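K.L.:
Take a look at this one; I'll ask things after.
A short reminder: the numbers here are calculations on the coordinates, not readings from a lab. None of these values were measured; they are calculated from a predicted model. So basically every Cβ, Gly included, is an ideal-geometry build from the backbone, and we count neighbours across all protein chains shown.
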Amino acid sequence: MTQRTVLHDAHIELGARMVDFGGWDMPLHYGSQMEEHHAVRRDAGMFDVSHMCVLDLHGAEARPFLGSLLANDVAKLKSHGKALYSCMLNEQGGVIDDLIVYFLEEAWFRVVVNAGTAEKDIAWIKQQAERFGVAVSVRRDLAMIAVQGPNARAKAVAQVPDVYHERAMALAPFYGVACGELFVARTGYTGEDGFEIMLPANQAVGFWLSLNAAGVKPCGLGARDTLRLEAGMNLYGSDMDETTTPLESGLAWTVVLDAEREFIGKPVLVAQKQAGVARKLVGLLLEDRGVLRGHQKVVVDGIGEGEVTSGTFSPTLERSIALARVPAGAGERVQVDIRGKLLNARVVKPPFVRNGQAQIKL
């Protein structure tokens, strides 16, 4: 049986088309995926992300624990509320999940993991936490709403208690702050400005409806995927998983391989880097007519083959775009096998779109 977020009935009342996503009954769209996409790029849209799992880590050794657990370095988290994006690896260097960790206090860190991997993540984190004496609390009492777009912060702040308006609006990118019972983070998965707001589950419906009344458009998984792909953001299970390392998934920037810190999977990454990474994740812009989709074969002339990991038609660019894992020696041109025809594509560096503007030459 699929699980439901606390906002499930509100989605139905707003006319959402619901689908199974990682074991959760979630809105795909509310009538027009295209309109939802453009609302986020041009104004403000909101997403129910309560299916994602919030974990609170408590203990004197919480920071050393996270230093061992994550490929990115939590030593970067020096001020209250600072957030860090990282991969959590297995012993083979494969990506168990990608996540965000927030520094709340020296003995209290908050972690947000993906819905589809939550159960295995919780088991892995609890197993690793035992030797550090760190307690892991699963916060299913919290809901989470993402409000994204150029007008998102202003419209979201209007729903926060008045006394916290200034604090929320002054929040720097990739920081979070407590606003009463709300935890407001200036983070997102769309390439636009905005907030991700964690709040008590029993307040979520009222908050959602207030945002809707203020002109924030409800958006589903369809728009979320086209927005994140335009922003060049990886999707777990498509662009990386336990069979791929961050170094071959376009996520080398999230890995800190200093000599002092040891973390799970580090020896594999060090060896891979020294030997030379054989594959890389790149952006593709289709130059012929067609639509790029996941698992299509990418032909790199004279070198070998790769595969599209995520592909879609970009509503902002009105072109077909993709992320693809290809041989490291791939140059500026490749071909993609679409229904038996080899179509031309240009290799580009993501993001494709950021803050509503094209970031690549069309």
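K.L.:
If packing is taken as the average count of other Cβ atoms within 10 Å, what order do 52-64, 132-144 fall into, highest mean first?
P.N.:
Going by the mean number of other Cβ atoms within 10 Å, highest first, we get 52-64, 132-144.
K.L.:
Taking Cα centroids, how far is the stretch 234-248 from the stretch 17-76 in Å?
P.N.:
The stretch 234-248 and the stretch 17-76 have Cα centres separated by 17 Å.
K.L.:
Also, I was wondering about something else. Please find the FRET efficiency linking Asp337 to Ala172, where r is the Cβ-Cβ separation and R0 is fixed at 51 Å, and quote it to the nearest 0.05.
P.N.:
0.70
K.L.:
Going by how many other Cβ atoms sit within 10 Å of their own, how do Ile321, Ile360 line up, fewest first?
P.N.:
With the sparsest Cβ surroundings first, the list reads Ile360, Ile321.
K.L.:
Here is a further query. Rounded to the nearest 5, what % of DSSP beta bridges with both residues in the chain are antiparallel?
P.N.:
So the antiparallel bridges in the chain amount to around 95 percent.
K.L.:
Roughly speaking, what is the stretch gain from Val299 to Glu318, that is 0.36 nm per residue apart minus the C-alpha to C-alpha distance, in nm to one decimal?
P.N.:
That works out to 4.5 nm of additional length.
K.L.:
Among the trypsin sites (Lys or Arg not before Pro) in the stretch 1-95, which ones are in a DSSP loop with at most 10 other Cβ atoms within 10 Å of the Cβ? Mind listing them?
P.N.:
Lys78
K.L.:
Run the quick spin-label model on Tyr85 and Ser32: label points 7 Å from Cα toward the beta carbon, then report their separation in nm to one decimal.
P.N.:
Distance between label points: 3.0 nm.
K.L.:
Classify the chain: rounded, prolate or oblate, from the alpha-carbon gyration tensor (a ≥ b ≥ c, eigenvalue square roots; a/c under 1.5 rounded; otherwise prolate if a/b is larger than b/c)?
P.N.:
Note, shape of the chain comes out oblate.
K.L.:
Could I ask something else about it? May I ask you to evaluate 6.51 cos²θ - 1.76 cosθ + 1.60, the Karplus curve with θ = phi - 60°, for each residue of the stretch 55-72 and list the ³J(HN,Hα) values in order in whole Hz, giving x for glycine and proline?
P.N.:
Whole-Hz 3J(HN,Hα) from phi for the stretch 55-72: 10, 10, 10, 10, x, 4, 9, 4, 5, x, 4, 5, x, 7, 7, 10, 6, 7.
K.L.:
Same structure again: Mind sorting Tyr85, Tyr102, Tyr236 by how few other Cβ atoms lie within 10 Å of their own Cβ, fewest first?
P.N.:
Least crowded to most crowded, the residues run Tyr85, Tyr236, Tyr102.
K.L.:
Please name which of Leu235, Met169, Leu317 has its Cα lying farthest along the dipole of the chain towards the positive end, using unit charges on Cβ (Lys, Arg +1; Asp, Glu -1) and the Cα centre as origin.
P.N.:
The Cα lying farthest towards the positive end belongs to Leu317.
K.L.:
Another one. Residue-wise, which Karplus ³J(HN,Hα) couplings in Hz belong to the stretch 173-184, taking 6.51 cos²θ - 1.76 cosθ + 1.60, θ = phi - 60°, and x for glycine or proline?
P.N.:
x, 6, 10, x, 8, 6, 10, x, 7, 8, 10, 9
K.L.:
Before rounding to the nearest 500, sum -39500 (n - 2.57) across all DSSP H runs of length at least 4 in the chain and divide by the residue total; then give [θ] at 222 nm in deg cm²/dmol.
P.N.:
So the calculated ellipticity at 222 nm is -6000 deg cm²/dmol.
K.L.:
Any idea what % of Cα-Cα pairs in the stretch 230-362 are farther than 24 Å?
P.N.:
31 percent
K.L.:
Using a 7 Å offset from the Cα along the Cα-to-Cβ direction at both Asn212 and Lys361, what is the distance between the two label points in nm, to one decimal?
P.N.:
Between Asn212 and Lys361, the label points sit 4.6 nm apart.
K.L.:
How high is the FRET efficiency from Thr243 to Asp162, r the C-beta distance, R0 30 Å, rounded to 0.05?
P.N.:
0.05
K.L.:
Related question: Any idea what the dipole of the chain comes to, in debye rounded to 20, about its Cα centre with Lys/Arg Cβ at +1 and Asp/Glu Cβ at -1?
P.N.:
820 debye
K.L.:
Report the Cα centroid-to-centroid distance between the stretch 316-362 and the stretch 139-183 in angstrom, as an integer.
P.N.:
Here the answer is 35 Å between Cα centres.
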